[in-house]
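Notes to accompany the following structure.
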Amino acid sequence: LQQRNFGVEKVERLDFNIGYLDLRSFAPPALVAPKLQAAMTLLADTQALIIDLRFNDGGEPLTVALLASYLFDERTRLNDIYDRGTDSTEEYWTADTVAGPRYGGDKQVYLLTSRDTFSAAEDFAYALKNLKRATLIGSSTGGGAHPARERRFNDHFGAIVPTARSISPITRTDWEGIGVIPDIETDPDDALEHAQLLILRDWVATEADAMRRVAIAQ
């Protein structure tokens with residue numbers, strides 16, 4: 001995890017003050033929280049945000065809630081997980097407070113997805129899509145919504161067996177075997193450019209400063 005910087009691959013301010021976060025995993029919150037705080041502090045004053053999940057293979061649902069907490073102004077329920085072994089359901093909510101500044105619930109957020117977007121990354125994308133907090137661009141994700149555990153048969157063999165399932169409080173289902181379907185389907189290789197173009201087109205339509213409008217249009 002340390003070799004991968006706990007999943008935080010890149011933090012960047014793109015042209016016209018668009019924020020960009022390339023996140024490759026949702027590492028355990030105790031390890032990645034300082035990295036996410038630093039990233040979201042650097043991105044706090046950007047006018048729109050692109051979170052790249054195209055190569056994110058998942059991780060911890062608590063970290064999903066941690067990152068999502070920066071993108072909402074009020075405590076918000078994300079997704080639940082039902083555990084078959086205990087016959088219990090755990091609800092996952094955004095936090096009342098975050099370390100550093102919130103990005104807030106009003107600025108545009110785009111998520112980039114691909115077939116390699118999996119597990120907790122899909123959890124994040126599914127929640128933000130259903131809550132209408134983010135626009136998803138790319139292709140449908142890998143389709144892993146059922147948390148699993150390793151079961152050992154003997155010294156040499158075992159199996160990864162699903163023991164739980166995700167449940168959206170909005171759709172009352174999940175994305176298992178289907179994937180999270182993006183709002184805008186495009187080749188994942190083109191998704192970053194597509195997101196930037198959509199943001200700039202929106203800004204051209206609403207920008208009051210004529211000179212800035214011309215600069216954006218160019």
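The values are calculated or read from the model by the stated rules, or taken from the named source; none is laboratory data. Bear in mind the structure is a predicted one, so any value in this text is a computation, not a measurement. Positions of Cβ are backbone-derived with ideal geometry, glycine not excepted, and every protein chain shown enters the neighbour counts. Keep in mind that these areas ignore ligands, DNA and RNA; they rest on the heavy atoms of the full protein, side chains included. Shrake-Rupley method; radii C 1.70, N 1.55, O 1.52, S 1.80 Å.
One table, with the values for the structure above:
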item	result
Full-stretch length increase - K10, E193 - with 0.36 nm per residue and alpha-carbon distance subtracted	64.3 nm
Top of T173, T113, T86 by mean-square fluctuation, Gaussian network on the chain, Cα under 10 Å	T86
Expected-Rg normalisation [2.2 N^0.38 Å, Cα atoms] applied to the range 76-192	1.21
Candidates N17, N154, N56: whichever shows maximal mean-square fluctuation once the chain is modelled as a Gaussian network with Cα springs under 10 Å	N154
Given the chain, longest segment not containing exposed loop GluC sites (Glu not before Pro) (DSSP; at most 14 other Cβ within 10 Å)	75-175
Net charge contributed by nearby residues that have their C-beta within less than 12 Å of E91 (K/R +1, D/E -1)	0
Sequence-separation-based contact order of the range 140-218, relative, with Cα cut under 8 Å and 6+ spacing, percent	27
Sum of side-chain charges, A120 neighbourhood, beta-carbon under 11 Å (Lys, Arg +1; Asp, Glu -1)	-4
Sites A38 and D116, calculated FRET efficiency, Cβ-Cβ separation with R0 35 Å, nearest 0.05	0.90
Solvent exposure, largest accessible area first (probe 1.4 Å, DNA, RNA and ligands not counted), of I181, I51, I160	I160, I181, I51
Candidates per chymotrypsin sites (Phe, Trp or Tyr not before Pro) in the range 143-218, loop by DSSP, up to 13 other Cβ within 10 Å	F153, F157
Potential lengthening between L31 and V204 on full extension [0.36 nm per residue; Cα-Cα distance subtracted]	58.3 nm
Local electrostatic count at G179 - Lys and Arg +1, Asp and Glu -1, tallied over other residues with Cβ under 10 Å	-1
Helix-only mean residue ellipticity at 222 nm for the chain, each DSSP H run of n ≥ 4 adding -39500 (n - 2.57), per residue, nearest 500	-8500 deg cm²/dmol
Long-range amide H partners of V109 with built H, under 5 Å	L49, T135
Inter-label distance for D83 and A148, nm, one decimal - labels placed 7 Å from Cα along Cα-to-Cβ	2.0
Point-charge dipole on Cβ atoms (K/R +1, D/E -1) for the chain, about Cα centre, debye to 20	240
